[in-house]
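Below is one structure, written out as structure tokens, with a few remarks after it.
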């Protein structure tokens, strides 16, 4: 049995706001082990952003102000090979080098995936999935513009701050959009080529059928042979 890793990426700002709203309602990731190289991070390596059972009711400013918030660059972190940078040990290598290694690792793993989709391009995501795995969904994917993140009104300054906090995710998403469009265009070109071949084969088959003798038509229009005429004359 063969397994495939697939993923869906989302616009980093929308994803960040959506996670904040999720946490604000009381969601936690306490059951997540964050395993890396066979061990979980220590409390010193991965401090908590809050005290108590959850972070419900936190403001967006509080959410952004926590330097240990795993919402920051979550997509890069979850796609990259953390063992390359010492897992959650921030003192393993310099921060700038760590960021670059994580970003390149995330890009590589994304390239190596047979399929990935983008939340902002539902129809194209469906098309790519169906063409990649030769499957067909019963219903078409819908592009819903109304989301929890979409209902949050934030000013330009706040958006810029979120983009800064998720700089690696922003770079990854730009890369992913370009790669996604390349894969989509390739599959479309392949589909058009297959359709042209199919149409050509159908035309050739149609012409072949037209070239075959039609017995009934030819029987009606056939001239009598000499033997047949002799038989008629003898009969009369």
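The values are calculated or read from the model by the stated rules, or taken from the named source; none is laboratory data. Here the structure is a predicted model, which means the values were calculated and not measured. In this analysis, Cβ positions are derived from the backbone assuming ideal geometry, glycine residues included, and neighbour counts consider all displayed protein chains.
Please verify whether the range 25-33 includes one or more residues that are over 17 Å from residue 78 (Cβ atoms), within 30 Å of the chain's Cα centre (by Cα) and at pLDDT 95 or above.
Within the range 25-33, one or more residues are over 17 Å from residue 78 (Cβ atoms), within 30 Å of the chain's Cα centre (by Cα) and at pLDDT 95 or above.
Among the helices (runs of 4 or more DSSP H) contained in the range 6-85, which hold 3 or more residues that are without any contact (Cβ under 8 Å) to a residue 24 or more places away in the chain?
60-65
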